[in-house]
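Working notes, beginning with the structure itself.
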Amino acid sequence: MIGNQGKIVLNHLQRAIAAEEKQGCCNTGVIGGFHLFLKGILSRLEQLEKDGDFNVLKDITNHYKDWSPLQRRQALAHLRRFIEEHEELEAQGQAPPVYDSLKPVNLEYGGPGISKQPQQPKPSDIPPASEPPGSDKKERLTRPTPPRSLQFLKGVGPERAKLLAQIGLHTVKDLFFYFPRRYEDRSLRRIGELKDGEFASVAGKVVAGQIARGKMKVVKLSIEQDGRLVYGVWFNQTYILKQFPVGTPVIVTGKVRWQQRVPEIQATDIQKAGAAQPAGIVPVYSETARLSSKVIRSIVQGVLDQAPELFPEFLPPEEGKGWVLRAQAYQEIHFPRSLHSLGQARERLVFEEVLFLQLAVARLRAGVQRENSPQLKGGESLVQKFFANLPFELTHAQKRVIEEIFRDMANTQGMARLVQGDVGSGKTAVAMAALLMAVGSGYQGAMMAPTEILALQHYQSLEAAFNPLGLHVVCLLGSQTKSERDKILAEIAYGKAHVIVGTHALIQESVQFHSLGLAITDEQHRFGVKQRTSLQTKGENPHVLVLTATPIPRTLALTLYGDLQLSALDEMPQGRKPIMTRKLTERGRSSLEKFMEEQMEKGRQIYVVCPLVEESENVDLISATERFESLQERFPNRRISLLHGRMKGVQKEEIMAAFQKGEVDILVSTTVVEVGVNVPNATVMVIEGAERFGLAQLHQLRGRVGRGGEQSYCFLLSDAKSSRRLDVLCETQDGFKIAEEDLKIRGAGELLGTRQHGIMELRLADLSRDGRLVEQAYQLAQKVLAHPDRYPRVWQECDQFFSLEDIGLH
Ligand code: ADP
Ligand code: MG
């Protein structure tokens, strides 16, 4: 028996599996590597159930790293089954069945060919009811909730339960957390008041039906409402004609096109009028091929009344004033009565999410001491030499921030500073100065980056700048071989390495610093809470510097980063020419290619970024691969390379290094270049399927060019008719303005789920515009922290909501 603790562990596993799948099974679903996460889970389970049988988990843990994404996907399915069976048997008070260990891998389709051989369940000595009560308060407060398998819900059944499981939905609670992607307004409309381009529902009677044959069969129903006509249009769905014959009263919903005399509705839904149907504001969920939004909607609707039980109010009455009740918020976020009540529900949930995050962060931080940091003020001459070697003059902002940093570093209080500066504002130079100050004072400096590519990039530029000063720079990555790694680890431990760059590999236990004086985290928002604090715990109270391009309100910074001081790099280096940004449709491709040729003729380099196609890693890779091949055909004499997230570190390293050295003309990639990469000679950024990217992401991508003195260009390929987002990008280059516009564009219809901030712990909150809620949550969090005993329910719910293990290594 693994008990309640075990259930929590399995729950983390479940969420990590969902994240891993979402990221295309690249072993990146958990920062630090999914396989390492599994290792942690395994050891937790083994502790909880000494003689448990965890062979499946063990095998997957050992091999996961080496499998292909396809094999991994199958392994994840097995993990899910492992969880399910544990849960079911746990509920029945039995030990889970014993599995055969994994069969050898079949490279074609077999994947990790687990043959499941359930054997007689082992009788367990302890029935679940006699679970010893936990010793601490939090344990006692946790009500043992029975696992609610979705399979037994009305309208679900084993098949659908499986489909739901594939998108990470295993329990009723998961359903509640599956927030709608957007909403549709289904209030019935008059034909006369329809507007081109809007989304609407119209009631009327079918008066004619026809099929127009062309490349696709176009089904057209003529629907009459009080003497006026509207056409309902479908593609290839000929059954519509039979299902809704002439004379049927219907309600048809979809996007309005009104360009000829009679308006058309490109239908997403049709119902017989009078049948029970959603009305008013209706949620739209992310769907999969076999699980439509409509089905999900009805399943969610079926569990709505469980909200009060699942989401008990935790705010004491005096704090609860002004907020929608918790359970009601969870109901309204799915089925709002009005846009107004949707807004209120969302506020309540954002508040709760941020509150819980703050508490979780606070608890983590409680373990980290912040005093007795070394005084780092002996690096002045190194720093001066570095400045003298720089090919440019520092901006005023850079100088100011560097001064702020040096002042902190000279202090035993310990620096905790966040430097925020838009893409291209020159954060790296600031970091370099800080590193030199540390090294000159006899300490080591470390810099952690969220991706291998970025870490490598930093490594290359640090090495180039620091070698001439006689410093030794090393780079630590997850993908290095053992012997490479051991050598580097030794250099770090003996102090031979002055400056250490790396990914989250830096925070693993095996890394022992000789004398870490400064810990820098780049592109901070990409890391989980746990990673953020881990680097600080290495060495003796190093000074901490974090760099980010995301504009963050002050209260929010408080939330996420605790007592960090803020520095703003609010000035761009001189002489930057604005990046010419243009939208292009497919028709413009040939002239674009001509332009690319001209640029390459001038010796410039080009990025071509292919979109991430949601839910499908394969399609994603295919789109990049196809583009790569077609470019090779188009430019047979040019050097073209393909880069994607699933490559081995060494491979990525080689390609990036070659691109950096100018040995590659066109770099075709998936979004791996998004963060921080710096190749000043690259002047053209081509973004394919630009409408698929978020505004913030597009801004980041564009920031990869325009880093040198040459005129740079960004082309947004998109066949989307009109896109305000792309227009905004063409109009401005100011990160703050773009963030603002982003808020405006995402109106009520897109309230949820865009998650562009990339802070992985938050499902709902949008940090750039929820400042007030963040502030309110901050106030309450302070009270809760000051008087934990007064708020037992808050802690209890917080534990259920967030667990730090599922975002970090354990
Ligand atoms: P980010 O803030 O996005 O991390 P980087 O530090 O990568 O930006 O800097 C972007 C580019 O600008 C680099 O090529 C860097 O060498 C250059 N750069 C940095 N500071 C200055 C400056 N003061 N003047 C001119 N170029 C600069
Ligand atoms: Mg950077």
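Across every pair of different alpha-carbon atoms, what Kirkwood hydrodynamic radius in Å does region 390-435 reach?
Details: mean 1/r = 0.0890 Å⁻¹.
Taking every pair of different Cα atoms in region 390-435, averaging 1/r and inverting gives 11.2 Å.
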Rounded to whole Å and sorted largest first, list the principal axis extents of the Cα atoms in region 187-277.
32, 30, 22
Search the structure for amide H atoms under 5 Å from the amide H of G495, placed 1.01 Å from N in the peptide plane, and list their residues when 5 or more places away or on another chain.
H514
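Where does each of 260-266, 689-695 land if you order them by average Cβ count within 10 Å, highest first?
Details: 260-266: 15.1, 689-695: 19.9.
Highest-to-lowest ranking by the protection proxy: 689-695, 260-266.
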Check which residues have an amide H placed less than 5 Å from D269's amide H, if you skip close sequence neighbours.
T253
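When the convex hull of the C-alpha atoms of region 373-496 is computed, what volume per residue in Å³ does it have? Mind showing how you got there, number by number?
Values: hull volume 14.5 nm³, N = 124.
For region 373-496, the hull spanned by Cα atoms encloses 117 Å³ per residue.
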Hey, could you pull the Cα Rg and Dmax for region 284-406, both in Å?
25.8, 69
Using a 1.4 angstrom probe and counting only protein chains, how large is the accessible area of F466 in Å², to 10?
0
Could you look at region 187-277 and say what percent of its accessible area is carbon and sulfur, using a 1.4 Å probe and all protein chains?
50
Under the 7 Å Cα-to-Cβ spin-label approximation, A410 and S630 lie apart by a distance in nanometres of 5.9
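Please list 442-450, 184-192 highest first by mean number of surrounding beta-carbon atoms within 10 Å per residue.
Sorting 442-450, 184-192 by mean packing, highest first, produces 442-450, 184-192.
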Note the full-extension length gain between D66 and D51 as 0.36 nm times their separation in residues minus their Cα-Cα distance, in nm to one decimal.
2.6 nm
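Can you give the extra length, in nm with one decimal, that the chain gains between C730 and L592 once fully stretched, where that is 0.36 nm per residue apart less the Cα-Cα distance?
Values: separation 138, 0.36 × 138 = 49.68 nm, distance 1.65 nm.
Additional length available on full extension: 48.0 nm.
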Taking each pair of distinct Cα atoms in region 580-732 once, what is the resulting Kirkwood hydrodynamic radius in Å?
15.4
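Go through 295-301, 582-588 and give me the packing order, highest mean Cβ count within 10 Å leading. Could the numbers behind the result be given before it?
Values: 295-301: 18.9, 582-588: 13.4.
Result, highest mean first: 295-301, 582-588.
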Using the alpha-carbon centroid of each, what span in Å lies between region 660-727 and region 190-223?
39
³J(HN,Hα), Karplus 6.51/-1.76/1.60, whole Hz, each residue of region 6-12, x for Gly, Pro
x, 4, 5, 4, 5, 5, 4
What is the distance, in nm, between label points placed 7 Å from the Cα along the Cα-to-Cβ direction at K242 and at K255?
2.9
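As a quick test, which of the pairs K205/K242; K215/K242; K220/K272; K173/K321; K594/K652; K321/K783 have an alpha carbon distance above 23 angstrom in this structure? Walk me through the numbers before you get to the answer.
Values: K205/K242 15 Å; K215/K242 21 Å; K220/K272 16 Å; K173/K321 25 Å; K594/K652 28 Å; K321/K783 16 Å.
The pairs that break the limit, which is 23 Å between Cα atoms, are K173/K321; K594/K652.
Please work out the FRET efficiency for the pair H396 and S723, using the Cβ-Cβ distance as r and a Förster radius of 25 Å; give the result to the nearest 0.05. Can you show the working numbers first?
On the way: r = 36 Å, r/R0 = 1.46.
Computed FRET efficiency for H396 and S723 comes out at 0.10.
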Taking the full set of protein chains and a 1.4 angstrom probe, give the accessible area of W234 in square angstrom, rounded to the nearest 10.
10
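The values are calculated or read from the model by the stated rules, or taken from the named source; none is laboratory data. This one's a predicted model, so the numbers in the text were calculated from it and none came from an experiment. When we count neighbours, we look across all protein chains shown, and the Cβ atoms used for this are built from the backbone with ideal geometry, even at glycine. Side chains are part of the model used for accessible areas, which takes the heavy atoms of the whole protein and leaves out ligands, DNA and RNA. Shrake-Rupley method; radii C 1.70, N 1.55, O 1.52, S 1.80 Å.
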